[in-house]
Amino acid sequence: GYNDVLFIKGIENCEPNKLIVRSRSGIVFQCVDYQNNWDAGNLSAGTYYYQFLYKIHGIEQTRTGMLTIMR
C-alpha cells in the first residue's frame, strides 16, 4: 500500500519519455511513454538503477538514480 509503483512527479509534462531500469547484470525493464505504473513485477529484492530520459519545453533531459525493492 505504500510506494507500490515507481512514481515520477511531473511526468505529465515530460513527453516523450523513456524509463530504463537496470540490475548489475543488465536491463530488467524499459518502457517508452512511461505512465507511473511500474510495480517491479517479479524482480527480486535489491538495488536497481534507473535512467529516465525525457523532453520538456523542447529540451532533452536525463535523470538517473538508484531504487531499492523490498519484498
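The values are calculated or read from the model by the stated rules, or taken from the named source; none is laboratory data. Being a predicted model, the structure only gives us computed values, none of them experimental. Cβ coordinates were reconstructed from backbone atoms using ideal geometry, including for glycine residues, and neighbour counts include every protein chain displayed. Keep in mind that these areas ignore ligands, DNA and RNA; they rest on the heavy atoms of the full protein, side chains included. Shrake-Rupley method; radii C 1.70, N 1.55, O 1.52, S 1.80 Å.
Would you be able to tell me the number of residues in the stretch 3-33 that are in contact with a strand residue (DSSP E or B) (Cβ under 8 Å, 6 or more places away or on another chain) and more than 16 Å from ILE69 (Cβ to Cβ)?
We begin by selecting, within the stretch 3-33, every residue in contact with a strand residue (DSSP E or B) (Cβ under 8 Å, 6 or more places away or on another chain); these are 6, 8, 11, 13-23, 27-33.
Then keep just the ones that are more than 16 Å from ILE69 (Cβ to Cβ); that gives 8, 11, 13-18, 30-33.
Residues flagged as in contact with a strand residue (DSSP E or B) (Cβ under 8 Å, 6 or more places away or on another chain) and more than 16 Å from ILE69 (Cβ to Cβ) within the stretch 3-33 amount to 12.
Looking at the stretch 1-15, which of its residues are open to solvent by less than 90 Å² (accessible area, probe 1.4 Å) and over 10 Å from the mean Cα position of the chain (by Cα)?
Taking the stretch 1-15 first, the residues open to solvent by less than 90 Å² (accessible area, probe 1.4 Å) are 5-6, 8, 10-11, 14.
Correct list: GLY10, ILE11, CYS14.
Filter the stretch 34-44 for residues that are surrounded by 11 or more Cβ atoms within 10 Å (Cβ to Cβ), under 25 Å from GLY10 (Cα atoms) and in contact with a strand residue (DSSP E or B) (Cβ under 8 Å, 6 or more places away or on another chain) and give the result.
TYR34, TRP38, ALA40, listed by residue number.
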